[in-house]
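Accompanying notes for the structure given below.
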Protein chains: 4
Amino acid sequence: MIDLNCDLGESFGIYQLGCDKDIMPFVSSVNIACGFHAGDPTTMHRTVELAHKFEVNIGAHPGLNDVIGFGRRSIKITPQEAYTLVLYQIGALEAFLRAKGKTLHHVKPHGALYNMAAKEEELAVNIAQAVYDFNPSLILFGLSGSCLTTAGEKLGLKVRHEVFADRTYQDDGSLTPRSFENAVIDNEQQAIEQVVQIVQQGKVKTVTGNSISIKADTICLHGDNVNSVQFAKKISHILHNV
Amino acid sequence: MIDLNCDLGESFGIYQLGCDKDIMPFVSSVNIACGFHAGDPTTMHRTVELAHKFEVNIGAHPGLNDVIGFGRRSIKITPQEAYTLVLYQIGALEAFLRAKGKTLHHVKPHGALYNMAAKEEELAVNIAQAVYDFNPSLILFGLSGSCLTTAGEKLGLKVRHEVFADRTYQDDGSLTPRSFENAVIDNEQQAIEQVVQIVQQGKVKTVTGNSISIKADTICLHGDNVNSVQFAKKISHILHNV
Amino acid sequence: MIDLNCDLGESFGIYQLGCDKDIMPFVSSVNIACGFHAGDPTTMHRTVELAHKFEVNIGAHPGLNDVIGFGRRSIKITPQEAYTLVLYQIGALEAFLRAKGKTLHHVKPHGALYNMAAKEEELAVNIAQAVYDFNPSLILFGLSGSCLTTAGEKLGLKVRHEVFADRTYQDDGSLTPRSFENAVIDNEQQAIEQVVQIVQQGKVKTVTGNSISIKADTICLHGDNVNSVQFAKKISHILHNV
Amino acid sequence: MIDLNCDLGESFGIYQLGCDKDIMPFVSSVNIACGFHAGDPTTMHRTVELAHKFEVNIGAHPGLNDVIGFGRRSIKITPQEAYTLVLYQIGALEAFLRAKGKTLHHVKPHGALYNMAAKEEELAVNIAQAVYDFNPSLILFGLSGSCLTTAGEKLGLKVRHEVFADRTYQDDGSLTPRSFENAVIDNEQQAIEQVVQIVQQGKVKTVTGNSISIKADTICLHGDNVNSVQFAKKISHILHNV
């Protein structure tokens, strides 16, 4: 079955976020925040322990240094800064796995860093290099067919092309930006159909009505609230039976 | 010769601090700030590269999360928080060494965390455990004869008892707190004599005039300014010829 | 009727905390976080607007610079640092009131800063001075009969002695520290009885069974969850009819 | 004589930056960092006292929330966020003036916020509105002929068009971006000539050799190092005698 991944460990101090425990049974990989856009050492420790219990693949989810903006606001960092901030965060998270005798499975940049890495080649190359330099057998998760997955493949990293159930696509394979009204798919049935089409046919219908090819190694699910957990459960069930 | 160590990598963004390049030739071990009280990913990366060039032992210098206070203000953290914040910072720093195919040599807590770990047993035990869980062959640096070195020894860690050239000692072997007038030894000759006595006789003269036994595996030097670098050069020369 | 106050505006970026809208109808004064332990400029702006709508007294709730610890961990700051960090935060919050043609009503330190100011005279004096220097007609809220209220009174500030419905008291009038099992009153009826006794008789029963005198100008209520809002509603109703 | 302004108070905790005391005698206005990109409450307090002693006009210098990047990296904030973060910082700084019975003279955004406000109209409007809402008699400093000065003028704020001695201009009146080789004027004589031409003729020579009209109400000088202070001294002397 195709990999299902979810962003977790996004609490911060006393601030609780996400239904981490509830989403775990329905995903195969989790991406844990590393303290720059969300997460703090104690939250990371607790989330790693939880993920071990559920035996899911554990990945680092490095982000921009901006808790107030939750790592969703672009910051004009240099490619060199991207390299060092990703390396720092991967190392910080893996420390909690090492303490349990484990190692990281993958790395997926978060939010604005993910989107910047999808489009800006030099940034993408530096992020991929940070992953490679830390451990060349790590898997790099990135937007399907983006600069980031290309950079990873060129370096010889294993790469997972990521697709979204609840986001619409444009004719060039990029996601419709959130500033557009039709960026997000609210209709659950439509989201399910998009996933099934991607998985079965390797194609997705774009906002203009065209059907384009898309690589899909992993699907991003959300665990923010009760509805998103219910959706994850449904998708997980359907994909088990596709 | 006895180990000489120095705290380095304490710049932060555009803020430059310390004469890192100038002090390197005179020390055998360096403790690099990890981003919580000083240092940032780019500074850490640069400092690790510099330390490699000088072939000194590289250690992590984890501190409290307080750049404004430079990690020198006590924060009432729980022992569990001490565990996770030390583990996080060790992992973050080692990432930059791993990218060069190297591993960390030691860990020395910074500032208020160092002082708290010297006196509070449960905190000390948790910090030692974090070091051990990350890598049991790491060496733990702590105030000579303190709770921290004891906690490390009990766990089976290699430990280095640290002494100071420019700080006065009390009869119980603890440092005179900085709030006291006679806490710091400004007179260079007196500081040199203290070091020589410690190294040759294993004894130090206290503020009351007594002479007490003290274990000394490593001496802490400073690299803040031109004078401190000159002092490091002198001490290094003298110890080579003791 | 006695003043009822509540800490509000404690969200941070996307992290939501507290039932601000639900508690507003039952309190007469609110203390708004100022960005150091909780709150951010946008949250402060929104909370000030909400408080205006409900026509409650608006106060600043300055805290220690520690979002991860929610301002609840003591940090060993100097009295001078206490002065500047309180002054900074009062000014920052009042800016949002000024933009509406209003001014602040009071200041109440938060968490660890509140507790430190209750016991450490020099810190208390500096905090009171910051309030006075900003605006001598501001009201200072502090733990009833503490160093902080004393410092405010000596300076000539109007002061409100604060009491708690759900915390137990010791024979010297101080709160039982949270590290003790009997620190918090979970039983709603018991909390109500404590409030009624304080308001009607100016006395409170301590943990040893004694009854001591206590000054009470304002009662601190919580708005964290549905239960705390229900409790606020009950207390508010009872006090209207005492 | 034309106003000369300088950015000050850019130290942060133990990190010292800038020759604040040395530049003061040669400028008429200072812009003090407010804690988001540089500065902290204690530094702000000290810098306000220093500025009073030298009897210069004191302005707020609000920046993006990014100490590591010194506020020089663009962050994609919303116009509403720009409004609240400027309002917050103006209030915070004015608190230190109020404690001395004074009020702010002007506001000048810092770094990336300054540059974004020069080009993005909605952002500029919101920043100008924050200044106006805090105090409509404040003076707004912005890049000469930019979106920010226009927004201020439309609101009815007094505005000062700022020019630079050591930056080159393009034909449209904008500064040559720092990413271009010829962005900065290193040659002191050339910088002086540019200032004199601007002040005497209201014109500046652009990088293409054209001469364009430019409004100049204030000149930005730097106080980073000994050379910049010497340059400020020279410029100040020349302008006194123009």
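The values are calculated or read from the model by the stated rules, or taken from the named source; none is laboratory data. Just so it is clear, the structure is predicted and the values come from calculations on it, not from any experiment. Counting neighbours? That spans all protein chains shown, and the Cβs are built from the backbone with ideal geometry, glycine included.
Give just the number: which of (1) modelled with pLDDT under 95; (2) outside any loop (DSSP other than H, G, I, E, B) does residue C:46 not satisfy?
Among (1) modelled with pLDDT under 95; (2) outside any loop (DSSP other than H, G, I, E, B), the lone unmet condition for residue C:46 is (1).
Mind telling me which of the residues B:173, B:152 ends up being away from chain A (no Cβ under 14 Å), within 16 Å of the chain's Cα centre (by Cα) and in contact (Cβ under 8 Å) with a residue 24 or more places away in the chain?
From the options B:173, B:152, the qualifying one is B:152.
Anything in segment D:7-28 that is touching a Phe, Trp or Tyr at 6+ places or on another chain (Cβ under 8 Å) and either outside any loop (DSSP other than H, G, I, E, B) or at pLDDT below 95 (or both)? List them, or say none.
Within segment D:7-28, D:12, D:15, D:24, D:25 meet the criteria.
Provide a single number: the residues in segment B:220-235 that are within 17 Å of residue B:187 (Cβ to Cβ) and among the aliphatic types (A, V, I, L, M).
3
Residues that are surrounded by 18 or more Cβ atoms within 10 Å (Cβ to Cβ): list the strands (runs of 3 or more DSSP E) wholly contained in segment D:178-234 that include at least 2 such residues.
Qualifying strands (runs of 3 or more DSSP E): D:218-221.
So how many residues does segment C:155-191 have that are modelled with pLDDT under 95, more than 15 Å from residue C:144 (Cα to Cα) and of a type outside the set (Asp, Glu)?
Residues meeting the conditions: 12.
Would you tally the residues in segment B:120-142 being acidic (Asp, Glu) and closer than 19 Å to residue B:94 by Cβ?
Result for segment B:120-142: 1.
Can you find a residue in segment A:77-92 that is in contact (Cβ under 8 Å) with a residue 12 or more places away in the chain and over 24 Å from residue B:99 (Cβ atoms)?
No; the residues of segment A:77-92 include none that is in contact (Cβ under 8 Å) with a residue 12 or more places away in the chain and over 24 Å from residue B:99 (Cβ atoms).
Go through segment A:38-68 and count every residue that is of a type in the set (Asp, Glu), within 18 Å of residue A:28 (Cα to Cα) and in contact (Cβ under 8 Å) with a residue 24 or more places away in the chain.
1
Please specify each residue of segment C:78-91 satisfying the condition of being among the small types (Gly, Ala, Ser) and either touching a Pro at 6+ places or on another chain (Cβ under 8 Å) or within 8 Å of chain D (Cβ to nearest Cβ) (or both).
Correct list: C:91 only.
Which condition does residue D:140 not pass, out of (1) within 14 Å of another protein chain (Cβ to nearest Cβ); (2) free of Cβ contacts under 8 Å to residues at least 40 places away in the same chain; (3) under 12 Å from the mean Cα position of the chain (by Cα), if it passes all the others?
The failed condition is (1).
Identify all residues within segment C:200-242 that are of a type in the set (Ser, Thr, Tyr) and more than 25 Å from residue C:32 (Cα to Cα); write none if there are none.
The answer is C:206, C:208, C:211, C:213.
Listed here are the residues, each with its yes/no results for (1) within 26 Å of residue A:130 (Cα to Cα); (2) crowded, with 21+ Cβ neighbours inside 10 Å; (3) hydroxyl-bearing (Ser, Thr, Tyr).
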residue	(1), (2), (3)
B:52	yes, no, no
B:86	yes, yes, no
B:120	no, no, no
B:126	no, yes, no
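Quick check, is residue C:18 within 14 Å of chain D (Cβ to nearest Cβ), under 25 Å from residue A:43 (Cα atoms) and not basic (Lys, Arg)?
So residue C:18 does not fit the description; no.
Might you let me know whether segment D:102-112 holds any residue that is surrounded by fewer than 19 Cβ atoms within 10 Å (Cβ to Cβ) and within 14 Å of chain C (Cβ to nearest Cβ)?
yes
Quick check, is residue B:38 surrounded by 22 or more Cβ atoms within 10 Å (Cβ to Cβ) and either farther than 29 Å from residue D:42 by Cβ or out of contact with any Gly (no Cβ under 8 Å at 6 or more places or on another chain) (or both)?
Here the answer is no, as residue B:38 does not meet what is asked.
Select from segment D:33-77 the residues that are within 11 Å of chain C (Cβ to nearest Cβ), under 17 Å from residue A:65 (Cβ atoms) and of a type in the set (A, V, I, L, M, F, W, C) and list them in ascending order.
D:36, D:77
Among D:86, D:125, which is modelled with pLDDT of 95 or more and under 21 Å from residue D:10 (Cβ atoms)?
Exactly one of D:86, D:125 is modelled with pLDDT of 95 or more and under 21 Å from residue D:10 (Cβ atoms), namely D:86.
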